[in-house]
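Enquirer: Attaching a single structure in structure tokens format; questions to follow.
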Amino acid sequence: MKNLRFAIALLLLFSVQWANAQRYNARKQYWSLGGSVSMLNYFGDITPSTGFASIDFKQSRVGIGFTAEKKVGSFISSRYGIMYGAISGDDYNNDFYDSEGGGTGRYTRNLHFRTRMVEVSGAVVIDLFRNNSYFYKRPKIPIPYFTIGVAATYFNPQAKTPYDLGGTWVNLRNLQTEGVNYSPIAISVPLGAGIRYKVSPNIDFSAEMVLRYAFTDYLDDVSATIPENTEGMSELALAMAYRGSEERAMMTEALREPGAIQTSKTAEQLAGKGRGGSATDMYLATTFKISYIIGTSRYTAKYRGR
């Protein structure tokens, strides 16, 4: 029901955009093409704490993107984009001695991951200042805006095997560390704000922060518990599901605090053992973009450079 309400809200938003476009002079509409670089940060089970604002900046990763945007109304644009990037997390970055903040339990758990992603998205961009003129006459002042849309993301979580199993990166989804055969494609809702500046008649620079709320809890391969029945799990799957008994934090291969190292457990002892929480995952993109406007007005040549 919640997803249905969201879908209806998006439909209404796009309907408003379409209606606005019909009233907007077609000669004033234009396309722009952009290239962007993003800093990606993840929110989920493998972060310093359970709070929404818990970010492990040591795990910031880079994303590269391309967008096509069409100005369809005096303050509304349609945006279509593709981005390649990665997110990651490591329990080793938690404070083992922070018992009140939850760092002890997370450090002891000793999980880590990296996820490479390809995201395809569509969104609405709503400017706070109207521009009823042609693109080359748009205001040369910073223009704040909001954006909301929908995205489909292909993701592939990985982790390093224990030291005695070679310490190599392996794909986690097919191991089913929690007995769940989750999809490698997640639907998410990008929601954020930014500011755009006119550099020249045909070039804009923008900076924005857009949070992706994903409808999956497996971007990090961690959600709930190890299965109650572990008979069908391989030795590798069990080793990747429980990392508390390892001497090293394998993402960096650093030695762990001796007091955090747990005793090894049998498959029967691991059955049903908790790994994470049920909240869905999110990731934040802090993006810097350069866009080139493709003018379509017959007056472009006359006014170029103004």
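Enquirer: I'm trying to understand the selection: among the residues of region 146-168, which are hydrophobic (A, V, I, L, M, F, W, C) and either assigned to a loop (DSSP other than H, G, I, E, B) or touching a residue at least 40 places away in the same chain (Cβ under 8 Å) (or both)?
Expert: Correct list: PHE146, ILE148, VAL150, ALA151, PHE155, ALA159, LEU165.
Enquirer: If you don't mind, another one. Restricting attention to region 193-202, report how many residues are surrounded by fewer than 19 Cβ atoms within 10 Å (Cβ to Cβ) and more than 13 Å from ILE141 (Cα to Cα).
Expert: Qualifying residue count, region 193-202: 2.
Enquirer: For region 248-260, state whether one or more residues are more than 16 Å from ALA159 (Cα to Cα) and in contact with a strand residue (DSSP E or B) (Cβ under 7 Å, 6 or more places away or on another chain).
Expert: Among the residues of region 248-260, at least one is more than 16 Å from ALA159 (Cα to Cα) and in contact with a strand residue (DSSP E or B) (Cβ under 7 Å, 6 or more places away or on another chain), which makes the answer yes.
Enquirer: What are the residues in region 127-147 that are among the β-branched types (Val, Ile, Thr), surrounded by fewer than 18 Cβ atoms within 10 Å (Cβ to Cβ) and at pLDDT 95 or above, if any?
Expert: none
Enquirer: How many residues are of a type in the set (Gly, Ala, Ser) and free of Cβ contacts under 8 Å to residues at least 40 places away in the same chain if we restrict to region 91-140?
Expert: Matching residues across region 91-140 total 2.
Enquirer: Could you list, in sequence order, all residues of region 169-192 that are crowded, with 16+ Cβ neighbours inside 10 Å, outside any strand (DSSP E or B) and not hydroxyl-bearing (Ser, Thr, Tyr)?
Expert: Once the filter is applied, which keeps residues that are crowded, with 16+ Cβ neighbours inside 10 Å, outside any strand (DSSP E or B) and not hydroxyl-bearing (Ser, Thr, Tyr), region 169-192 yields LEU172, ARG173, LEU175, GLN176, GLU178, GLY179.
Enquirer: Hey, among ILE141, ILE126, which residue is in a loop (DSSP other than H, G, I, E, B), over 18 Å from the mean Cα position of the chain (by Cα) and of a type in the set (Val, Ile, Thr)?
Expert: ILE141
Enquirer: Next question, about the same structure. For region 93-108, give me each residue that is within 24 Å of the chain's Cα centre (by Cα), of a type outside the set (Gly, Ala, Ser) and surrounded by fewer than 22 Cβ atoms within 10 Å (Cβ to Cβ).
Expert: The one that is within 24 Å of the chain's Cα centre (by Cα), of a type outside the set (Gly, Ala, Ser) and surrounded by fewer than 22 Cβ atoms within 10 Å (Cβ to Cβ): ASN93.
Enquirer: Only one residue in TYR84, TYR97, TYR107, TYR92 is under 27 Å from PRO48 (Cβ atoms) and assigned to a loop (DSSP other than H, G, I, E, B). Which one?
Expert: Residue meeting the stated conditions: TYR97.
Enquirer: So which pairs qualify, if the first residue must be in region 219-233 and under 11 Å from TYR182 (Cβ atoms), the second must be basic (Lys, Arg) and not in a loop (DSSP other than H, G, I, E, B), the Cβ gap must be under 8 Å, and the two must be at least 6 apart or on different chains?
Expert: Between residues of region 219-233 that are under 11 Å from TYR182 (Cβ atoms) and residues that are basic (Lys, Arg) and not in a loop (DSSP other than H, G, I, E, B), the close pairs are ASP221/ARG173.
Enquirer: Given the structure, is VAL189 over 19 Å from TRP31 (Cα atoms) and among the β-branched types (Val, Ile, Thr)?
Expert: In short, yes.
Enquirer: When you scan region 98-126, how many residues do you find that are among the hydroxyl-bearing types (Ser, Thr, Tyr), out of contact with any helix residue (DSSP H, G or I) (no Cβ under 6 Å at 6 or more places or on another chain), farther than 23 Å from VAL72 by Cβ and modelled with pLDDT of 90 or more?
Expert: The total comes to 2.
Enquirer: Here is a follow-up. Could you please find all residues in region 53-90 being within 14 Å of the chain's Cα centre (by Cα), in contact (Cβ under 8 Å) with a residue 40 or more places away in the chain and either surrounded by fewer than 18 Cβ atoms within 10 Å (Cβ to Cβ) or within 30 Å of ALA26 (Cα to Cα) (or both)?
Expert: ILE55, GLY65, GLY81, MET83
Enquirer: Moving to a separate point now. Quick check: is even one residue across region 280-299 surrounded by fewer than 19 Cβ atoms within 10 Å (Cβ to Cβ), among the aromatic types (Phe, Trp, Tyr) and assigned to a loop (DSSP other than H, G, I, E, B)?
Expert: Looking through region 280-299, at least one residue is surrounded by fewer than 19 Cβ atoms within 10 Å (Cβ to Cβ), among the aromatic types (Phe, Trp, Tyr) and assigned to a loop (DSSP other than H, G, I, E, B).
The values are calculated or read from the model by the stated rules, or taken from the named source; none is laboratory data. Keep in mind that what you see is a predicted model, and the values were worked out from it rather than measured. Backbone-built Cβ (ideal geometry, glycine too); neighbour counts: all protein chains shown.
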